[in-house]
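The structure under discussion appears below in the form of structure tokens.
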Amino acid sequence: MVAAFEEGQKLAKLCSSKLNEVERKIELLVKKADGTAAAEPFTGE
Amino acid sequence: MPGEQPARQVWKVSELTRRIKGTLEGAFGSVWVEGEISNLRRPASGHAYFTLKDATSQLRAVMFRSALAGVSLPLKDGLQVRGYGQITVYEAAGDYQIVLRKLEAAGEGELMLRLEALKKKLTAEGLFALERKRPLPALPQHVGVVTSPTGAAIRDILQVLKRRFGNLHVVVAPVRVQGAGAAEEIAAAIDLLNERGGLDALIVGRGGGSLEDLWCFNEEIVVRAIVRSRIPVISAVGHEIDWTLSDLAADVRAPTPSAAAEMVVKSKAELERRVADAARRLGLGAQAAVLAWRNRLDRAARTPILRDPLQVVRQRQQTVDFLGVRLHNALAGLPQLVRQRAETSAHRMELAMRLRLAESGRALQHAQAQLRLLNPKAVLTRGYSLTRLPDGRLLRAAGEVQPGMILKTELAAGAVLSTVTATEGEPHDGKNSQNTKLRGSTDAPGKNRSGDGKRQSRSGENGGRVRGGPEAGQTLLF
């Protein structure tokens, strides 16, 4: 029972950290002259 | 002369008009006509009056309320329409006109036919099958958007995404969303985002517009790109009422771009609340469990056996006493022979019990003896001793001591303090230190036994010679 409680706590912590894992970033894919695409910051918000 | 003139046929206006009406209606009957709506009027009657015109001509048109009910598009000036109705004459005004029974946006008919045909074909291929639909990920962190970078849709989407989940990675693949080449761009963008990878979901769409505006989302090339996408696709084309083949092909259809953003990304605040709630309930559950166990413990502690264990023994003792008395009384009442037998049995029982007690006692003594043997101090009783340095460590080598150092030697009974007078190769001259009371100081070193002698001799090799050490002969160095 203690093990289940500890696992629950671990999972709650994991969930919280998952929610903050990624940084906010808005990118625009721009076609370059050579035909490949590159991501640039998107400013048209 | 009046007689020379041919007789004039003079019509009454109404007669002539009726005649014209009959001729026109007979000649044309019902026809389809295409033109642009202008001068639209809708009086309280609910009927609609307007003019259909093209570059050079116009035609009056009327559509009665009953026929209007079957028209799906909102009438307005400037709208290109195709209508079906009867050519007739409005006698009161002397105007000829068309009384429309059907009306649809011009061009719509052909588009719809093409759309139906394509839908049928792709449905037959199974591209719209429900089994193909994939669920959206529970927590998308990287979202791709295929739409115009300048339209209202991208603004709406980004705004909703920002509101619902502040820290989200969004990749916008800019495309045209109407006109020639739009479909190809949309399809290529979907493929490109799939090639880049690392995305959890794709939003493909645009804001509202006419059927023609939205048309690229009905193109086969877009439908197939959506079907091909390994990333789940959510379509968001136009308004709630607009349906396109992209919507049918997508894993999820959203009524609007904003709704798509809401469907893809759950509210972070809501998710955080749920995690916190789960953690709180976990804590409460644990507390409840602890409380339950504590109650059980309390109840157990209140039971007689734990509150007063001796009471149980006393009760048993009482029972034994009681039974003893009964046995005695019973024996007294028995015939001689039986009583003797019972007494013999009792005697045997007692003997057996004593035997067992004696056995247990021996086992106990044996165990105690073994325990004693394991005690290092037991060796001291055999004449060995332990010599410690002033700091309490056991002395193992002559090099560890300096002249003048006071050593403590533990014996089986009591201990001796002695001062070191010399070490290392100095012949012992019997000059005793003040406190020395060495037991067995006259014993020869040769009397060392077993392994102890080895250690002794090693310290001898080092040249170490401690007064009271080798001389004592039986010093045991651990």
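The values are calculated or read from the model by the stated rules, or taken from the named source; none is laboratory data. Note that the coordinates shown come from a computational prediction; the quantities given were computed from them, not determined experimentally. Here the Cβ positions follow ideal geometry from the backbone for every residue, glycine too, while neighbour counts run over all protein chains shown.
Only one of these is within 12 Å of chain A (Cβ to nearest Cβ) and basic (Lys, Arg): B:ARG114, B:ARG155. Name it. Answer to the selection: B:ARG155. Scanning segment B:135-160 for residues that are more than 19 Å from the chain's Cα centre (by Cα) and over 12 Å from A:ILE26 (Cβ atoms) yields B:VAL146, B:THR147, B:SER148, B:THR150, B:GLY151, B:ALA152, B:ALA153, B:ASP156, B:VAL160. State yes or no: is B:ALA330 surrounded by 10 or more Cβ atoms within 10 Å (Cβ to Cβ), in a helix (DSSP H, G or I) and in contact with a helix residue (DSSP H, G or I) (Cβ under 6 Å, 6 or more places away or on another chain)? So B:ALA330 fails the test.
Looking at B:PRO135, B:PRO140, just one residue is of a type outside the set (D, E, K, R) and surrounded by 14 or more Cβ atoms within 10 Å (Cβ to Cβ), and that residue is B:PRO140.
When segment B:158-189 is filtered for residues that are under 17 Å from B:SER258 (Cβ atoms), more than 10 Å from every other protein chain (Cβ to nearest Cβ), in a helix (DSSP H, G or I) and of a type in the set (A, V, I, L, M, F, W, C), only B:VAL160 remains. Per the listing B:VAL233, B:VAL237, B:VAL223, the residue uniquely in contact (Cβ under 8 Å) with a residue 60 or more places away in the chain, buried (at least 21 other Cβ atoms within 10 Å of the Cβ) and either more than 14 Å from chain A (Cβ to nearest Cβ) or of a type in the set (Asp, Glu) (or both) is B:VAL223.
Being hydrophobic (A, V, I, L, M, F, W, C), within 12 Å of chain A (Cβ to nearest Cβ) and over 23 Å from the mean Cα position of the chain (by Cα) is true of B:LEU192. The selection criterion, being more than 7 Å from chain B (Cβ to nearest Cβ), over 15 Å from B:VAL145 (Cα atoms) and in contact with a strand residue (DSSP E or B) (Cβ under 7 Å, 6 or more places away or on another chain), holds for A:LYS32. Among the conditions (1) over 30 Å from A:CYS15 (Cα atoms); (2) modelled with pLDDT of 90 or more; (3) surrounded by fewer than 16 Cβ atoms within 10 Å (Cβ to Cβ), B:ALA180 misses just one, which is (2). Out of B:ALA260, B:ALA346, one residue alone is assigned to a helix (DSSP H, G or I) and either among the polar types (S, T, N, Q) or touching a residue at least 40 places away in the same chain (Cβ under 8 Å) (or both). It is B:ALA260. Only residues that are outside any helix (DSSP H, G or I) and in contact with a strand residue (DSSP E or B) (Cβ under 9 Å, 6 or more places away or on another chain) were counted in segment B:11-48, giving 17. Just name the residue that is nearest to B:GLY283 (Cα to Cα) out of those in segment A:25-40 that are at pLDDT 85 or above and either surrounded by fewer than 15 Cβ atoms within 10 Å (Cβ to Cβ) or of a type in the set (A, V, I, L, M, F, W, C) (or both). Looking at the filtered set, the residue picked out is A:LYS25. Of the residues making up segment B:203-220, those that are at pLDDT below 95 and surrounded by 24 or more Cβ atoms within 10 Å (Cβ to Cβ) are B:GLY205, B:ARG206, B:CYS216, B:PHE217. Looking at segment B:278-300, is at least one residue more than 14 Å from chain A (Cβ to nearest Cβ) and of a type in the set (Gly, Ala, Ser)? Looking for residues that are more than 14 Å from chain A (Cβ to nearest Cβ) and of a type in the set (Gly, Ala, Ser), one finds at least one in segment B:278-300, hence yes.
Annotation note: of B:LEU122, B:LEU111, the sole residue that is surrounded by 14 or more Cβ atoms within 10 Å (Cβ to Cβ), under 60 Å from the mean Cα position of the chain (by Cα), in a helix (DSSP H, G or I) and at pLDDT below 90 is B:LEU111. Residue-level analysis places B:SER246 among those that are part of a helix (DSSP H, G or I), in contact (Cβ under 8 Å) with a residue 12 or more places away in the chain and of a type in the set (Ser, Thr, Tyr). For segment A:1-18, taking the residues that are at the interface with chain B (Cβ under 7 Å from one of its Cβ atoms) and surrounded by fewer than 16 Cβ atoms within 10 Å (Cβ to Cβ), the one that is farthest from B:ALA269 (Cα to Cα) is identified as A:MET1.
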